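Here the structure is laid out as C-alpha cells; the discussion comes afterwards.
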Amino acid sequence: MEVVMSFKNITVAGGGVLGSQIAFQTAFSGFSVKIWLRSEDSIQRTKPKLERLYTIYKNELTEAKKNLGKGLSFSRGLIPDSSSVTEADIDKLLENVERAHKDILLTTDLSEACKDADLIIESMAENPEAKREFYKAIDPFLSENTIVATNSSSMVPSQFRDCLSRPENYLAIHFANNIWKSNTAEIMGHDGTSKEAYEAVANFASEIKMIPLRLHKEQPGYILNSMLIPFLSAGEMLLAKEVADPATIDLTWRLGTGSPLGPFQILDIVGLNTALNIVSNNPQSQDAESVPGKIKAILEKYVAEGKIGVNAGEGFYKYK
C-alpha cells in the first residue's frame with residue numbers, strides 16, 4: 001500500500017484575496033498556519049481580509065445550525081455533507097473558526113515562515129519576476145521534504161522549477177475564489193514533479209475539504225481559468241470597445257444563460273488588481289489603442305482609485 005505524506009505545518013506566501021482564503025480554510029481544517037508577507041503594510045492589509053473571513057465562516061455556520069433538518073445545502077468547504085451534520089458537529093466547526101481566527105501567524109520573516117513547513121503555498125501577484133525572486137529566496141530555508149506549490153492562476157510550474165534545488169517537490173495547486181463555497185483544488189505538476197509530492201498535495205486538498213481535480217499535464221490557466229479567463233476577457237472587450245456598460249453586460253449574461261453572476265461581478269470577486277496583472281502580461285497591452293491596452297487602462301484607473309473589488313468595498317459595483 002502506498003503511504004501518502006501528511007502535513008501539519010502550512011505556510012501561505014501572500015495575503016491577497018485567495019492567499020487569505022487559503023490560509024483561513026487551512027487553519028479552519030486543523031492545520032498550523034503561517035502567512036508570509038513582504039512588509040508591515042502588507043500585514044495591515046491582510047488583517048481585514050481575515051476578519052471578513054472570520055465573520056463569513058461564523059455567520060454561515062450559525063445560519064446552518066438554525067436551518068438543520070430543512071433539507072438545505074450548506075457551503076461545501078464548511079460542511080461537505082449537509083445530509084448528516086448535527087448541531088454538535090456545527091458547534092465543533094464553530095470552535096474551529098475561533099481557533100483559526102486566533103492562531104494564524106502573520107510574519108515578514110522568511111526564515112520563520114519556512115521553519116518546519118511541510119507545505120508552502122505561494123499565492124502572490126501574477127508577476128513572474130516576483131515569483132522567481134521569492135522561490136530563490138526561500139530555497140536555502142527548505143528541508144528536503146518541504147513541498148512548494150504555486151497558486152498561480154495563469155502560469156505553469158515548469159516556468160519556475162529551476163529556482164528550487166528540489167524541483168521534484170514543486171507543483172501547482174489552484175483554488176477557486178470563495179473557497180468555502182467553490183471548494184475545488186486543481187492539482188498540476190510539471191514533468192519532473194514526483195508522484196509522492198503530487199499525491200501528498202492532492203491528499204492535503206481533501207483534508208481541507210476541497211475536491212482535488214487532477215490535471216494530467218501542464219496547461220496555463222489549468223481547467224477553470226482556461227474557460228473563465230476568455231469569458232472575463234470577452235466582457236472586458238465589450239466594455240473597452242464601449243459596446244455596453246458593466247451592469248448591462250452582466251445583466252445580459254445572467255438573463256441569457258441563467259448564470260448567477262456576470263463577468264464584472266466575477267471580476268470584483270477575483271480582484272481588479274489580479275485582473276490587471278493578467279492583462280499586463282499580454283504584450284499587446286502595451287499598445288494603448290489595442291483592446292488589451294484599453295482594458296489595461298480601465299483597470300489601472302479602478303486600481304489607482306482603490307476600487308479593487310469586493311474586499312475593498314467597491315470595484316465595478318459598490319458593496320458598502
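A few comments on the model shown:
- Region 309-320 - residue that is assigned to a loop (DSSP other than H, G, I, E, B), of a type outside the set (S, T, Y) and at pLDDT 95 or above and, of those, surrounded by the fewest Cβ atoms within 10 Å (Cβ to Cβ): F316
- Candidate set: region 51-72, residues that are assigned to a loop (DSSP other than H, G, I, E, B) and of a type in the set (G, A, S); chosen: the one surrounded by the fewest Cβ atoms within 10 Å (Cβ to Cβ): G69
- Matching residues in region 183-201 - criterion: being of a type in the set (G, A, S) and within 16 Å of Q25 (Cβ to Cβ): A185
- Residue in region 80-91 that is crowded, with 17+ Cβ neighbours inside 10 Å, in a helix (DSSP H, G or I) and either of a type outside the set (V, I, T) or in the same structural domain as I22 (by TED's automatic domain parsing) (or both) present: yes
- Residues within region 116-137 that are in contact (Cβ under 8 Å) with a residue 60 or more places away in the chain and surrounded by 19 or more Cβ atoms within 10 Å (Cβ to Cβ), tallied: 10
- Options N178, N183, N145: the member that is within 15 Å of A23 (Cα to Cα) and surrounded by fewer than 20 Cβ atoms within 10 Å (Cβ to Cβ): N178
- Qualifying residues in region 249-290 (those that are free of Cβ contacts under 8 Å to residues at least 60 places away in the same chain, closer than 20 Å to A312 by Cα and small (G, A, S)) - the one surrounded by the fewest Cβ atoms within 10 Å (Cβ to Cβ): G262
- Condition check for P246: within 18 Å of F231 (Cα to Cα) and touching a Lys or Arg at 6+ places or on another chain (Cβ under 9 Å): no
- With respect to (1) in the same structural domain as A275 (by TED's automatic domain parsing); (2) without any contact (Cβ under 8 Å) to a residue 24 or more places away in the chain, the lone exception for P246 is condition (2).
- Scan region 183-237 for residues that are of a type outside the set (S, T, N, Q) and closer than 27 Å to F74 by Cα and the total you get is 20.
The values are calculated or read from the model by the stated rules, or taken from the named source; none is laboratory data. Remember, predicted model here, so these are calculated numbers, not experimental data. Ideal geometry is used to build each Cβ from the backbone, glycine not excepted, and the neighbour counts take in all protein chains shown.
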